[in-house]
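What follows is a single structure, written as structure tokens, with notes after it.
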Amino acid sequence: MDYAAELDELISTVIREGGSDLHLSEGRHPTIRVSSSLIPLVKRDILKHEDTKGFLEILTTKENNELFYKEKELDFSYNYKNQFRFRGNAYFQQGYVSIALRLIPKQIKTLEELHLPQILNNFCRKTQGFFLVVGPVGQGKTTTLASMIELINQERAEHVITIEDPIEYVYEQKKSIIDQREVRTDTKDFSTALTNVLREDVNVILLGEMRDPETMAAAVTAAETGHLVFSTLHTNNAAQTIDRIIDSFPAEQQNQIRIQLASSLIGVFSQRLIPRISGGLIPVCELLLVNDAVANLIREKRTHEINTVIETGSEGGMIDMNRSIAELVRRGEISLENAYLHAFNPKILEKLL
């Protein structure tokens, strides 16, 4: 098989069909994801072990290919004809190579185009603080943060440094200087890059993901020392996010990180993408604004009360996930079935509808 030509055909199919992902696994037809549904390309041959290995050689550098067979996992990016970028992950399953590719749109959409609340603009105009976008994998966290960084790029002359694994959206420099660093290519790891970023005359830091306590501690410290820091976590909501960060540290350090979070955290935005009745996906969200009352809850180990604060804080700009879902149902954007499927608390949602 001519793997370069076959890969070209498969990627062209993803783009032509408006897909978001391409899956290549031994024993299966190549499969694409369109509007959250997986669609096998049954006219294509079922892939063999040598096929997925051949595709990986096309998709990655020689060094990354060798690293994959050593580590058994690999995150990478792939530039398709200088027009489209893909975020890739290669992994083993039952001893065979599998590959998942996620299409990264070249054009960075605005918050309005993404149907996200305009209050997020306010966080882009901050000069200091720690802002998190959270949610499960594949729910648009990276796209939301890219939109926020692009707004800063358009409005302010700042030095922005992104630390990513791999680099996804590529920014065209406008008012800001934007330096994008990729783990393994440009820096050893997230925590090393964060430790050194404070010496690089930076204003805004985008941290692709917080994977360990060292990275979390460095991110919080950067926000405390006069920087605007954006990052992501794979958590469900604001309260769980704060608990996850604190619980990542040894018991003797938890009080210190709790105090640091209370003083540096400015907001937590949780989002989900729900199938739209008219086609495509639309976001629903939760937003925690960290005011003095919320900061006290964090300091006093009362994070279990944060959900109630969000539910009753709409006048102050907070957004409750169930209310966000109910509003889309009332507008005829999403089905009742999908509303209940994605609700944090279906019983509360029922009362709101």
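The values are calculated or read from the model by the stated rules, or taken from the named source; none is laboratory data. Just so it is clear, the structure is predicted and the values come from calculations on it, not from any experiment. Note that we place each Cβ from the backbone using ideal geometry, even for glycine, and neighbour counts take in every protein chain shown.
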Seminar exercise, completed: Restricted to the stretch 23-34 and to residues being free of Cβ contacts under 8 Å to residues at least 60 places away in the same chain and surrounded by 18 or more Cβ atoms within 10 Å (Cβ to Cβ), the residue farthest from Ile282 (Cα to Cα) is Pro30
Problem set entry | Within the stretch 231-264, considering residues that are touching a residue at least 60 places away in the same chain (Cβ under 8 Å) and out of contact with any Ser or Thr (no Cβ under 9 Å at 6 or more places or on another chain), the one surrounded by the fewest Cβ atoms within 10 Å (Cβ to Cβ) | His234
Problem set entry | Flag if Thr308 is exposed (fewer than 14 other Cβ atoms within 10 Å of the Cβ) and in the same structural domain as Leu265 (by TED's automatic domain parsing) | yes
Problem set entry | Leu59 within 23 Å of Tyr169 (Cα to Cα), in contact with a Phe, Trp or Tyr (Cβ under 6 Å, 6 or more places away or on another chain) and modelled with pLDDT of 95 or more | yes
Exercise. Take the residues of the stretch 147-188 that are small (Gly, Ala, Ser) and over 30 Å from Glu73 (Cβ atoms): which is surrounded by the fewest Cβ atoms within 10 Å (Cβ to Cβ)?
Worked result: Ala157
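If we scan the stretch 136-145, do we find a residue that is more than 27 Å from Asn237 (Cβ to Cβ) and touching a residue at least 40 places away in the same chain (Cβ under 8 Å)? It would help to see each step written out before you state the result.
We begin by selecting, within the stretch 136-145, every residue more than 27 Å from Asn237 (Cβ to Cβ); these are none.
Checking the stretch 136-145: not a single residue is more than 27 Å from Asn237 (Cβ to Cβ) and touching a residue at least 40 places away in the same chain (Cβ under 8 Å).
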Exercise. Taking the stretch 4-35 on its own, how many of its residues are of a type in the set (Ser, Thr, Tyr) and either assigned by TED's automatic domain parsing to the domain that holds Pro275 or in a strand (DSSP E or B) (or both)?
Worked result: 2
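For every residue, the table says whether it meets (1) within 27 Å of Met321 (Cβ to Cβ); (2) outside the structural domain of Val204 (by TED's automatic domain parsing).
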residue	(1), (2)
Phe76	no, yes
Asn89	no, yes
Gln94	no, yes
Ser98	no, yes
Phe130	yes, no
Thr142	yes, no
Leu145	yes, no
Lys175	no, no
Exercise. What is the one condition in (1) buried (at least 23 other Cβ atoms within 10 Å of the Cβ); (2) at pLDDT 95 or above that Ala193 does not satisfy?
Worked result: (2)
For this session: Have a look at Leu111, Leu145 and point out the one that is in contact with a helix residue (DSSP H, G or I) (Cβ under 8 Å, 6 or more places away or on another chain) and either of a type in the set (D, E, K, R) or not in a strand (DSSP E or B) (or both).
Result: Leu111
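Check whether at least one residue in the stretch 55-76 is part of a strand (DSSP E or B), in contact with a helix residue (DSSP H, G or I) (Cβ under 8 Å, 6 or more places away or on another chain) and surrounded by 14 or more Cβ atoms within 10 Å (Cβ to Cβ), and report yes or no. Full working, then the answer.
Going residue by residue through the stretch 55-76, those that are part of a strand (DSSP E or B) are 73-76.
Then drop every residue that is not in contact with a helix residue (DSSP H, G or I) (Cβ under 8 Å, 6 or more places away or on another chain), which leaves 74, 76.
From what is left, the residues that are surrounded by 14 or more Cβ atoms within 10 Å (Cβ to Cβ) are 74, 76.
Yes.
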Seminar exercise, completed: Expected single match for touching a strand residue (DSSP E or B) at 6+ places or on another chain (Cβ under 6 Å) and under 28 Å from Gly280 (Cβ atoms) among Val204, Val197, Val133, Val160 is Val133
For this session: Those residues that are on the phi > 0 side of the Ramachandran plot and either among the hydroxyl-bearing types (Ser, Thr, Tyr) or surrounded by 19 or more Cβ atoms within 10 Å (Cβ to Cβ) (or both), I need them from the stretch 87-120; list them, please.
Result: none
Problem set entry | Matching helices (runs of 4 or more DSSP H) fully within the stretch 171-274 where at least 2 residues are over 21 Å from the mean Cα position of the chain (by Cα) | 190-197, 213-224, 251-264
Problem set entry | Candidate set: the stretch 275-284, residues that are in a strand (DSSP E or B) and β-branched (Val, Ile, Thr); chosen: the one farthest from Glu224 (Cα to Cα) | Ile282
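Working carefully through the options Glu150, Glu155, Glu164, find the one that is in contact (Cβ under 8 Å) with a residue 24 or more places away in the chain, in the same structural domain as Asn196 (by TED's automatic domain parsing) and touching a helix residue (DSSP H, G or I) at 6+ places or on another chain (Cβ under 8 Å). Spell out how you get there, then give the answer.
Numbers: Glu150 fails: touching a helix residue (DSSP H, G or I) at 6+ places or on another chain (Cβ under 8 Å); Glu164 fails: touching a helix residue (DSSP H, G or I) at 6+ places or on another chain (Cβ under 8 Å).
Step by step, each of Glu150, Glu155, Glu164 is checked, and only Glu155 is in contact (Cβ under 8 Å) with a residue 24 or more places away in the chain, in the same structural domain as Asn196 (by TED's automatic domain parsing) and touching a helix residue (DSSP H, G or I) at 6+ places or on another chain (Cβ under 8 Å).
Here are Ser37, Ser20, Ser12: which of them is buried (at least 18 other Cβ atoms within 10 Å of the Cβ) and polar (S, T, N, Q)? Give the derivation first.
Numbers: Ser37 fails: buried (at least 18 other Cβ atoms within 10 Å of the Cβ); Ser12 fails: buried (at least 18 other Cβ atoms within 10 Å of the Cβ).
Being buried (at least 18 other Cβ atoms within 10 Å of the Cβ) and polar (S, T, N, Q) holds for just one of Ser37, Ser20, Ser12, which is Ser20.
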For this session: Report, ordered by the first and then the second residue, all pairs with beta carbons closer than 7 Å, sequence separation of six or more or different chains, a first member in the stretch 200-220 that is under 18 Å from His234 (Cβ atoms), and a second member that is surrounded by fewer than 18 Cβ atoms within 10 Å (Cβ to Cβ) and among the hydrophobic types (A, V, I, L, M, F, W, C).
Result: Pro213/Phe249
